[in-house]
Number of protein chains: 2
Amino acid sequence: MTDLTNSPAWQQLIKDFEKTRTQQMYDQFSTDPTRTEKFSLRAAELYLDYSKNRINNETLQHLVALAEAAHLPEHIENLFTGKAVNFTEQRAAWHTSLRDPTALQPEIHSTLQRMHLFCSALHSDHWRGYSGKPITDVVNLGIGGSDLGPRMVVDTLSALSNKKIKVHFVANVDGSELYNTLKNLNPETTLFIVASKTFTTVETLLNATTARTWLLNKVVERKKADAITHHFVAITVHADRAIKFGISADNIFSFSDWVGGRYSLWSAIGLPIMIAIGVDAFLQLLNGAHCMDQHFRNAPLAQNMPVILALLGIWYTNFYRCQTQAIIPYDQNLALFPNYLQQLDMESNGKSVNVNDEIIDYPTAPIIWGGVGTNGQHAFHQLLHQGQFLLPVDFIIALDNHHPWPEHHDLLYANCLAQSQALLQGRTQKQAYYELLAEGYDETKAKKLAPHKMLPGNRPSNTLVMKKLTPTTLGALIALYEHKVFTQGIIWQINSFDQYGVEVGKQLATSLSKALKEDMDMSAYDSSTQVLVNLFKKK
Amino acid sequence: MTDLTNSPAWQQLIKDFEKTRTQQMYDQFSTDPTRTEKFSLRAAELYLDYSKNRINNETLQHLVALAEAAHLPEHIENLFTGKAVNFTEQRAAWHTSLRDPTALQPEIHSTLQRMHLFCSALHSDHWRGYSGKPITDVVNLGIGGSDLGPRMVVDTLSALSNKKIKVHFVANVDGSELYNTLKNLNPETTLFIVASKTFTTVETLLNATTARTWLLNKVVERKKADAITHHFVAITVHADRAIKFGISADNIFSFSDWVGGRYSLWSAIGLPIMIAIGVDAFLQLLNGAHCMDQHFRNAPLAQNMPVILALLGIWYTNFYRCQTQAIIPYDQNLALFPNYLQQLDMESNGKSVNVNDEIIDYPTAPIIWGGVGTNGQHAFHQLLHQGQFLLPVDFIIALDNHHPWPEHHDLLYANCLAQSQALLQGRTQKQAYYELLAEGYDETKAKKLAPHKMLPGNRPSNTLVMKKLTPTTLGALIALYEHKVFTQGIIWQINSFDQYGVEVGKQLATSLSKALKEDMDMSAYDSSTQVLVNLFKKK
């Protein structure tokens, strides 16, 4: 047993679980009309209703006690003051300082200024392509943290998108993505952003190299260097490597080593966001996150939104043994949000070794999945309602929208509420039976069919409501989940900020890519890899 | 206990599980150099390597015995001969007959002919908008099965897309999707397809109504009826309802009631596919599926690709208690494939009641999730390698590609193989320790860090390889998973073809959408729903 599972707080929660696991939330609502008042919170323009969870006052207190036992407040201070919370790599994870307008460090401030100037030059056509034409398309070449955050934010806030310059994202080493993007673009008016913290990311560097060739193919010899200067910008910690690639030193935006990839959209990595939505909206995004930061840092644990989300997650992951968490925004604009959270959560907390370097004996990060409503209702909601697995759902919805058709939004909102209501209350066999009789079925058939129409209910969900999806509320929403993940990492005693799990695959890929091209002795490889390599060589 | 869990085949598998759960696949590869030869299969231009699974000959035999005990071959015959395999709704699920060129039923044949004529008219500009201009954009309005299949196929085969006519998809009741699509389109040159089996789907009908208004706003009164005739087409089983909506009887394509939504892309619902990729490619898609159908119907169970995939899934779901299955295509074109499989699998088998109308005591459909490689390597693969949950992965890759850059494809292929290899072999603490020493760490630091760099390995995956992603191989791939899901449903003794779980949410949404607009007595509602309704009303 580890410290954690052996702790009084944990042991208490095991007892709570045994005591309450068969309790029906619906009964709790009936006996306590103030349940939602108690189990809801406001912070940074977000409203969280967490009353449809399998908890009671006591369990909630014990969950908060677990956070206290983990000295969460101290760890929060360490996060906010730039201590080395990334304990294996011995560095800070100080993304909160990127969005604190009251205490911007000089180099963060100057990078923001340079980003601003660059965007203004682009938008005002002062920055032009090598042949003198204004830039019409920006292609961000990056992967993981250098792609998912900016891509999600730009897509989510597309209502604010600059009309003149279109921002594209290419991540995959699969050439199809770059090919399909470039086939409609003109090299004379296309600007590339090469975004890579280390400037060694294989996918990004290959995409950048192919993009450079695509550009230079159309440029006469004497203009080639000039073309790169006008069409390539880099965002990296390692300016030297970007310069070696051919990018002008003036075109390099940098950030600190303590900015983790999956926490980097707030840094220079956010440049494509600023290009798409403008500098003011980008600052609002930072400000929304900062509001959530202040809440997280200052609110008592029991009224702290990220902490509550984190504790509920732990309750389901570690006690109910749920392996997944669904994220279901009822908002087409948030279509990429579940993907974004996949990285944030699973790369941060998909770990098995604790701060004492011990292999742990309890589950950590769940599998994050989901998709937008109402679409999911016609796809995977069947399993949510009648499947065999319990899993918590986060519904996200805005009261207002970005289009002129209120009847669409009314229905969207009604459906969102109806889903959590259906998950809560289900439908008994008896109800199904009587509904079938009312539909005209005879008793035998109704009795036979009723079990198939039964929904067990008592399935948990949170509902997050915002007035409108704006840069500010989106910033707060992202920061909410960042801090949720941080809190869980602290309680699980793992390092949320490294990602050593992905190293082996990278090493193996390097040697396999040689094996695909050269004659190599493959006898040390497993037969599966041998066969698959041979299939490729024989094609 | 149900029949299934009580059966000798099931009980034998419990014993196998206990006996083999700690076996290392890597050892099995070492002791048996023919492992991949044994545990691999070819069918319908697909190659399946399933050797990196936690199985041995014996377990595999016992899994096949489970399928035999379920009388799978009889059920397959029932599926292919149009018997009422959908036993709660008493109808066939005869999608295989839609793609059998040797036995096309007259009405299927004539629908295909009409689809062909319609596409020819569009592509040759014989079909024109109300003002005489050729159609440039087609918008498919449908949701669930009337959206996911066509959307995925059109996106996957975008290399074949018609250059003149662009096909768009709008599913969500959230008006943002329709709004963002229409804002760039011209009513004079836009054609709408309203795809709804029942022609009562709330989302689709509202989108169609809004689209009709958008169109008619620009049309003078005396031309309005004419405009609808030139710009609206329906695909439905209920032509009467489409006519009532205003769509000309000549513009209605129909299909049989026994075509289930999530199996409907092969029917008239595939019209947007045919428009996008042309009639020949659509027929190749059908033919690819038909090849897999023949394999599924004729191959012995132990050499039957969908059956093997199904049995492996059951092995992990029911014995290892994995709650999820990851789908990771190393192919940017297959980006929507995991979403498509979410519906296919989770809506089909997310059930809890068996053919004897009993509530079952074993897990059914897993949660399907995933995303394309290499992107996932920089997002969620951390959890695959070092997370706490065992979960099976299907990797999908093509030997060839659709772009002119071989170095991209080499790296893509190498990375795909490297991931399954890393999942298989992991990295021991000792290996990590020596690697750290080699990197220059001192012994104390290396010892401390090594556990964090350890990967347990022994994590299972399938690799599906095809020569190239074409309509034929895509058809086979989809049919492969359809039959996998069917096989699992048969063994789990559930009905894969109904979806009663989604009814309650629909009913509740109807009454909630009234509550949002009118003053209603909400006292019978739980406080959460009351509060959330009030938030909306007060906005």
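From the list B:Gly457, B:Gly501, the lone residue that is surrounded by 23 or more Cβ atoms within 10 Å (Cβ to Cβ), closer than 30 Å to B:Trp10 by Cα and at pLDDT 95 or above is B:Gly501. Just one of the numbered conditions (1) in contact (Cβ under 8 Å) with a residue 24 or more places away in the chain; (2) out of contact with any strand residue (DSSP E or B) (no Cβ under 6 Å at 6 or more places or on another chain) is not true of B:Asp250: (1). Within the range B:143-158, can one find any residue that is surrounded by fewer than 24 Cβ atoms within 10 Å (Cβ to Cβ), within 8 Å of chain A (Cβ to nearest Cβ) and at pLDDT 95 or above? Yes, that holds for at least one residue. Applying a threshold of 8 Å to beta carbon distances and a minimum spacing of six or more residues, or different chains, the list of pairs starting in the range A:207-231 at a residue that is assigned by TED's automatic domain parsing to the domain that holds A:Val139 and ending at one that is crowded, with 20+ Cβ neighbours inside 10 Å and of a type in the set (S, T, N, Q) reads A:Leu215/A:Thr190; A:Thr229/A:Asn251; A:His231/A:Thr190. Entry remark, the range B:514-537: residues being within 7 Å of another protein chain (Cβ to nearest Cβ), among the hydroxyl-bearing types (Ser, Thr, Tyr) and either farther than 23 Å from A:Ala432 by Cβ or loosely packed, with under 13 Cβ neighbours inside 10 Å (or both) number 2 in total.
Residues are listed down the side, and each one gets a yes or a no for (1) surrounded by fewer than 22 Cβ atoms within 10 Å (Cβ to Cβ); (2) under 22 Å from A:Thr102 (Cβ atoms); (3) under 18 Å from the mean Cα position of the chain (by Cα); (4) without any contact (Cβ under 8 Å) to a residue 40 or more places away in the chain:
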residue: A:Val279; (1), (2), (3), (4): yes, yes, no, no
residue: A:Asp293; (1), (2), (3), (4): no, yes, yes, no
residue: A:Leu311; (1), (2), (3), (4): no, no, no, no
residue: A:Asn333; (1), (2), (3), (4): no, no, yes, no
residue: A:Asn354; (1), (2), (3), (4): yes, no, no, no
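Select from the range A:440-455 the residues that are within 11 Å of chain B (Cβ to nearest Cβ) and either over 22 Å from A:Leu391 (Cα atoms) or aromatic (Phe, Trp, Tyr) (or both) and list them in ascending order. Those that are within 11 Å of chain B (Cβ to nearest Cβ) and either over 22 Å from A:Leu391 (Cα atoms) or aromatic (Phe, Trp, Tyr) (or both): A:Lys445, A:Lys447, A:Lys448, A:Leu449, A:Ala450.
For B:Glu188, are the conditions met, namely being away from chain A (no Cβ under 14 Å), part of a helix (DSSP H, G or I) and touching a residue at least 12 places away in the same chain (Cβ under 8 Å)? So B:Glu188 fits the description; yes.
At least 3 residues being over 31 Å from the mean Cα position of the chain (by Cα) and not charged (D, E, K, R) is the threshold, and among the helices (runs of 4 or more DSSP H) wholly inside the range B:1-58 those reaching it are B:8-20, B:25-31.
Based on this model, can you work out whether A:Ala159 counts as without any contact (Cβ under 8 Å) to a residue 40 or more places away in the chain, aliphatic (A, V, I, L, M) and on the phi < 0 side of the Ramachandran plot? No; evaluated as a whole, the condition is false for this residue.
Could we say that A:Glu503 is assigned to a helix (DSSP H, G or I), charged (D, E, K, R) and touching a strand residue (DSSP E or B) at 6+ places or on another chain (Cβ under 9 Å) here?
Yes: the conditions hold for A:Glu503.
Listed by position, the helices (runs of 4 or more DSSP H) inside the range B:334-439 whose residues that are at the interface with another protein chain (Cβ under 8 Å from one of its Cβ atoms) and out of contact with any Asp or Glu (no Cβ under 8 Å at 6 or more places or on another chain) number at least 2 are B:381-386, B:406-425. Exactly one residue out of A:Arg99, A:Arg128, A:Arg114 is out of contact with any Ser or Thr (no Cβ under 7 Å at 6 or more places or on another chain), farther than 17 Å from A:Leu271 by Cβ and not assigned by TED's automatic domain parsing to the domain that holds A:Ala479: that is A:Arg128. Restricting B:Ile273, B:Ile247, B:Ile269 to those that are in a loop (DSSP other than H, G, I, E, B), at pLDDT 95 or above and out of contact with any Lys or Arg (no Cβ under 7 Å at 6 or more places or on another chain) reduces the list to B:Ile247. Here B:Asp174, B:Asp125 are screened, and the one residue that is acidic (Asp, Glu) and on the phi > 0 side of the Ramachandran plot is B:Asp125.
Given the condition over 24 Å from A:Val153 (Cβ atoms) and hydrophobic (A, V, I, L, M, F, W, C), answer yes or no: does some residue in the range A:341-355 qualify? Looking through the range A:341-355, at least one residue is over 24 Å from A:Val153 (Cβ atoms) and hydrophobic (A, V, I, L, M, F, W, C). Among the residues examined, A:Ala479 does not qualify as at pLDDT 95 or above, assigned to a helix (DSSP H, G or I) and farther than 30 Å from B:Gly373 by Cα.
The values are calculated or read from the model by the stated rules, or taken from the named source; none is laboratory data. Quick caveat, the model's predicted, so the values are computed rather than measured. Positions of Cβ are generated from backbone atoms using ideal geometry, with glycine treated the same way; all protein chains shown enter the neighbour counts.
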